[in-house]
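Following: one structure in structure tokens, then a few remarks.
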Amino acid sequence: MRIENGLSVDVEEWFQVGAFERVIDKADWPGLQSRVEANTGAVLDLFAETGAKATFFTLGWVAERAPRLLQRIVAAGHEIASHGVDHQRVFTMTAAQFRADLRRARAALEDASGVAVTGYRAPSFSIDTRTPWAHQVLAEEGYAYSSSVAPVRHDHYGWPDAPRFAFRPVAGADLVELPVTVARIGNRHLATGGGFFRLFPSALTNWAVRQVNAEERPAIFYFHPWEVDPGQPRVANAPLKSKLRHYSRLGAMAGKLRHLVAGHAWGRIDAIAAREAARLG
């Protein structure tokens, strides 16, 4: 029997990514070309080809402007979860600001989709050792799970000493944290989702999924709708490193995704979280 893994999509516009946060002002967002509905639609069509179900961690900003997109996601049997309001990293907020962000995003998502939101993913996996209060706030706000930790070393994020698999971050609370899957090679952890999936051979992510499944645990994979859009606008004044990370191999992404999704069993993160919660007791 194949283990069902968690398939997730971080729904944001091409201009809302961490790579461009210092060169595109949030005040300019409303005037930029929106491509999130078309890109997410392409992802939904791709999932429909195989019958895979997924969780769409969506910005409140997107929900406020594209409610029909959220309704389409729900109608297709997928989960809506929170990605915060406008992609502000958690470690740049106070606990009070984080709570306000959670509440505004959840209200926008639930109003647009008509379903309850019980899951959360921090923008850029920004829950780490700098935010010892974050999981407590999530638990107090009634979230069933978070998938906000990347157990890797990275120049923008990462909590390398975090557990690889589901854990309860708050004593006495039901909240479960589901870290994104990394490939373990010796004592090193290599990221496998998002841009890493685009840039590295597909074999690495496929191997990582098989590796964690061999330990009888589910993999948690993520990517973004803008990653299947090679025709998106170019940000001329972005740093070279950011350009390389954001634009490289966009044209190959859809094909790689089809192969990955077809090769393993996938489901919604809320279902994975419920099973992991039962395992943890």
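The values are calculated or read from the model by the stated rules, or taken from the named source; none is laboratory data. None of the values given here were measured: they were computed from a predicted structure. Counting neighbours? That spans all protein chains shown, and the Cβs are built from the backbone with ideal geometry, glycine included. Calculation scope for accessible area: heavy atoms of the full protein, side chains included, ligands and nucleic acids excluded. Shrake-Rupley method; radii C 1.70, N 1.55, O 1.52, S 1.80 Å.
List the pairs whose first member sits in segment 223-242 and is crowded, with 19+ Cβ neighbours inside 10 Å, whose second member is in a loop (DSSP other than H, G, I, E, B) and polar (S, T, N, Q), and whose Cβ atoms are under 7 Å apart, counting only residues at least 6 apart or on separate chains? The qualifying pairs are Trp226/Gln232. Screening segment 106-149 for residues that are among the small types (Gly, Ala, Ser), surrounded by fewer than 24 Cβ atoms within 10 Å (Cβ to Cβ) and in contact with a strand residue (DSSP E or B) (Cβ under 7 Å, 6 or more places away or on another chain) and picking the one that is farthest from Thr92 (Cα to Cα) gives Ser113.
Just to be sure before I move on: is Gly51 touching a Lys or Arg at 6+ places or on another chain (Cβ under 8 Å), small (Gly, Ala, Ser) and surrounded by fewer than 23 Cβ atoms within 10 Å (Cβ to Cβ) in the structure I sent? If you could, list the steps in order and put the result at the bottom.
Numbers: touching a Lys or Arg at 6+ places or on another chain (Cβ under 8 Å): no; small (Gly, Ala, Ser): yes; surrounded by fewer than 23 Cβ atoms within 10 Å (Cβ to Cβ): yes.
Against the criterion (touching a Lys or Arg at 6+ places or on another chain (Cβ under 8 Å), small (Gly, Ala, Ser) and surrounded by fewer than 23 Cβ atoms within 10 Å (Cβ to Cβ)), Gly51 does not qualify.
Looking at segment 70-88, which of its residues are surrounded by fewer than 23 Cβ atoms within 10 Å (Cβ to Cβ) and assigned to a helix (DSSP H, G or I)? The answer is Gln71, Arg72, Val74, Ala75.
Within segment 135-192, the set of residues being polar (S, T, N, Q) and farther than 19 Å from Ile272 by Cα comprises Gln136, Asn187. Beta carbons closer than 9 Å, at least 6 apart along the sequence or on distinct chains, pair a first residue in segment 97-125 that is touching a residue at least 60 places away in the same chain (Cβ under 8 Å) with a second that is small (Gly, Ala, Ser) and surrounded by fewer than 23 Cβ atoms within 10 Å (Cβ to Cβ) for Thr118/Gly142; Thr118/Ala144; Gly119/Ala144; Pro123/Gly18; Ser124/Gly18. Within segment 258-274, none of the residues are open to solvent by less than 20 Å² (accessible area, probe 1.4 Å) and among the charged types (D, E, K, R). Of everything in segment 89-104 that's among the charged types (D, E, K, R) and in a helix (DSSP H, G or I), which residue is farthest from Glu12 (Cα to Cα)? Looking at the filtered set, the residue picked out is Arg99. For segment 44-69, the set of residues classified as touching a strand residue (DSSP E or B) at 6+ places or on another chain (Cβ under 9 Å) and closer than 20 Å to Ser147 by Cα consists of Ala52, Lys53, Ala54, Thr55, Phe56, Phe57, Thr58, Leu59, Gly60, Val62, Ala63, listed by residue number. Considering the conditions (1) more than 14 Å from the chain's Cα centre (by Cα); (2) modelled with pLDDT under 95; (3) open to solvent by less than 40 Å² (accessible area, probe 1.4 Å), His154 is excluded by exactly one of them, (3).
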